[in-house]
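First comes the structure, then the notes that go with it.
The values are calculated or read from the model by the stated rules, or taken from the named source; none is laboratory data. This structure is a prediction, so every number in the text was calculated from the model and none was measured. Glycine also receives a Cβ, built like all others from the backbone with ideal geometry; neighbour counts cover every protein chain displayed. Remember, those area values only see protein heavy atoms, side chains included, never the ligands or the DNA or RNA. Shrake-Rupley method; radii C 1.70, N 1.55, O 1.52, S 1.80 Å.
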Amino acid sequence: MRPEKEDSALTRLANLAGRAVLLTADGGIDVEKGSDGLFAADPQALYDRWDEFRMWAAAPEPGVTGYFEVHEGQLLAPAPSPRQVFGIGLNYSDHAAETDQQLSERVAIFTKFPTCITGGFTEVLLPEGNVDWEVELVVVMGRRAHKLAEWEAWSHVAGVTVGQDLSERILQQAAGMQYCLAKSYPGFGPMGPWLVTPDELTAPDDLALSCSVNGEVVQASRTSKMVFGVPRLVEELSRVVPLLPGDVIFTGTPAGVGVARRPPRFLQPGDVVESRIEGIGSIRNRMIAG
Ligand code: ZN
């Protein structure tokens, strides 16, 4: 379930150089200055008071700094320092098939450590190994969620954004399955360009998503093809772990990753990875030599 359309105004939250900025049709508004200090500048802190923030953001004041122009290339992650970051494995059947893996009846969950989070326009230092792309819808929680039912899930989500679950495939397969390390190098969790509230999307469970490398489209699918949709993911995770405001869920990637290509293809210094989701926007990260 999600909030009724008429209950909320358009809300796009961005992170401009570490300061929360509300994006409106008239321009950006600095949240701390526009709210006279009611809300802190730190974008991550807003999720702890998300309901209050949404009320303010429904009729925001520009404050002393007024409206200003925001260039998307300057934007950092909309949830830059979450307490918990989850990833979902094998959540599109075509991706399971291309990597010769069986779909499970249960959700496959791993963690990405929060220090991997970066903005949508940063350079990512390539570590040694085989670094691969995975475009994903990223969910940011707006309320504490413990033992939640599926129908309550969307109302506990602050918003969604575009993400890359960058993965180093050699370490990922080492010593059993080292997913949490292989997907947690610094810069391996780009997200952006901004947070879009679920009510702003006509069909939040059915969004086109794609990834291109140096302009060549390598992944293209729809989030409606997820094996387990966002409500089910929230339900399964929160059955065990209390999800905290500002926590982040990378919801899984469709087919087209580099490791499944014949021959396999991995990211090289200079490669530009562009990730796009319908109704949200796109991010571009350049890979550089580590
Ligand atoms: Zn992934």
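Odds and ends about this structure:
- Region 52-80 residues that are under 14 Å from residue 11 (Cβ atoms), paired with ones that are outside any helix (DSSP H, G or I) and open to solvent by 50 Å² or more (accessible area, probe 1.4 Å) (beta carbon under 7 Å, 6 or more apart): 56/38
- Strands (runs of 3 or more DSSP E) within region 199-290 that include 3 or more residues within 16 Å of the ligand (Cβ to nearest atom): 208-213, 216-222, 248-250, 272-277
- Positions within region 243-278 being open to solvent by 40 Å² or more (accessible area, probe 1.4 Å) and either of a type in the set (S, T, N, Q) or within 19 Å of the chain's Cα centre (by Cα) (or both), in sequence order: 244, 268, 274, 276, 278
- Only one of 243, 209 that is of a type in the set (A, V, I, L, M) and either under 26 Å from residue 50 (Cα atoms) or not assigned by TED's automatic domain parsing to the domain that holds residue 161 (or both): 243
- Number of positions in region 153-176 that are within 23 Å of residue 12 (Cβ to Cβ) and either assigned to a helix (DSSP H, G or I) or at pLDDT below 95 (or both): 3
- Members of region 119-153 that are open to solvent by less than 10 Å² (accessible area, probe 1.4 Å) and away from the ligand (no atom under 16 Å from the Cβ): 119, 120, 140, 141, 142, 145, 153
- Test for residue 22: is it under 23 Å from residue 190 (Cα atoms) and either in contact (Cβ under 8 Å) with a residue 60 or more places away in the chain or not in a helix (DSSP H, G or I) (or both): yes
- Tally, over region 28-43, of residues that are within 26 Å of the chain's Cα centre (by Cα), touching a residue at least 24 places away in the same chain (Cβ under 8 Å) and open to solvent by 20 Å² or more (accessible area, probe 1.4 Å): 1
- Taking the criterion of being of a type in the set (Ser, Thr, Tyr), open to solvent by 50 Å² or more (accessible area, probe 1.4 Å) and within 26 Å of residue 258 (Cβ to Cβ), the residues of region 180-230 that qualify are 185, 224.
- Cross-chain or 6+ apart pairs with Cβ under 7 Å, region 130-157 first and acidic (Asp, Glu), then in a helix (DSSP H, G or I) and within 16 Å of the ligand (Cβ to nearest atom): 132/169; 132/258; 132/259
- Region 105-129: number of residues that are out of contact with any Leu (no Cβ under 7 Å at 6 or more places or on another chain) and either of a type in the set (Val, Ile, Thr) or without any contact (Cβ under 8 Å) to a residue 24 or more places away in the chain (or both): 6
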